[in-house]
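Comments concern the structure below.
Coordinate-derived values only; no laboratory data. Computed from a predicted model, the values in this text were never measured in an experiment. Virtual Cβ from ideal backbone geometry, glycine too; neighbours counted across all protein chains shown.
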Amino acid sequence: MSDTNTGNPLKELEDLYKNKDYEGYKNLLIKNKDLFVDAQYFYNLGTAYLKLEDIGAARLNLEKSYKLGQQDKLVTNNINYIKSHYDLVSQDVSFVAKAMDIPTVYFTSFSLILLIITLIFNLKTKLHKAIIFSFFLISLTPLIFSNVYLKGSYKNAIVMKNADIFEGPSAIFEHNQIAKEGLRVITSKKNDNWFFIYWPSEAKGWIKAENIEFY
């Protein structure tokens, strides 16, 4: 590691990055995680792993940053670079995958907006209680969809290293495809230490738990 010890971690991180000491940058960043909000921390860490060409760890941390709400070009450009440069672009369009891309806070905000509108209607129009109750239930739909259906049925994960995909939850089953390191997948079932990849279709099948990390 380069000698950049100034007593100021932020300045040290800046110097390490400028000097292209990405391993030292990564290690110091992890030691000083508390200096950053989570979304910024995961973006910085993902960028460090990308520089180190640890594609699984890079994608995992960048997706964590995106999920926490940092959806600017700094994050999306790095994610898109990984997908295009390492041939990880899926042609499989999925409603579930698109919904899983949306941060939970958006669903919460949408529910709150609908709830406020319902309350305003109630104050101004004095609608029948049954109608207001129906509107109240509708206003909770985005939150229920996100927290109950999506989170209860599916999980986002990143393949951390090239891994065989099996037709069943055991190595005794046939495997005829490989999930590439850095690929984003959505799992829907678990059997012991195996997970079923629901999406994308080109990697559909069972994968060992040790080969993926959830976010």
In a Gaussian network model of the chain with springs linking alpha carbons closer than 10 Å, the residue among PHE136, PHE121, PHE107 that fluctuates most is PHE121
Taking only Cα atoms of the range 59-174, the Rg to Rh ratio with Kirkwood Rh works out at 1.15
Quick numbers on the range 95-153, Rg and Dmax over C-alpha atoms in Å, give 13.4, 40
Flagged as over-length at 30 Å C-alpha distance, from LYS11/LYS161; LYS67/LYS124; LYS20/LYS67; LYS67/LYS161, the pairs are LYS11/LYS161; LYS67/LYS124
Taking a ≥ b ≥ c as the square roots of the eigenvalues of the Cα gyration tensor, with a/c under 1.5 meaning rounded and otherwise prolate when a/b exceeds b/c and oblate if not, the range 9-86 is oblate
Relative contact order of the range 95-153 (C-alpha contacts under 8 Å, at least 6 apart) in percent is 48 percent
Given pairs LYS26/LYS180; LYS26/LYS98; LYS83/LYS189; LYS83/LYS208; LYS51/LYS190 and cut-off 29 Å on Cα-Cα distance, the over-length ones are LYS26/LYS98; LYS51/LYS190
Of 40-53, 140-153, ordering from highest average Cβ density within 10 Å down gives 40-53, 140-153
Proxy exposure order for TYR86, TYR81 (fewest C-beta within 10 Å first) is TYR81, TYR86
Labelled set (1) 0.94; (2) 1.09; (3) 1.35; Rg/Rh (Cα atoms, Kirkwood Rh) computed from this model equals the value at (2)
If LYS11, LYS155, LYS126 are placed from fewest to most neighbouring beta carbons inside 10 Å, the sequence is LYS126, LYS11, LYS155
A correct fewest-to-most ranking of VAL93, VAL159 by other Cβ atoms within 10 Å would be VAL93, VAL159
Using alpha-carbon positions, the gyration tensor of the range 155-214 gives root eigenvalues a ≥ b ≥ c; with a/c under 1.5 called rounded, otherwise prolate if a/b exceeds b/c, else oblate, the class is rounded
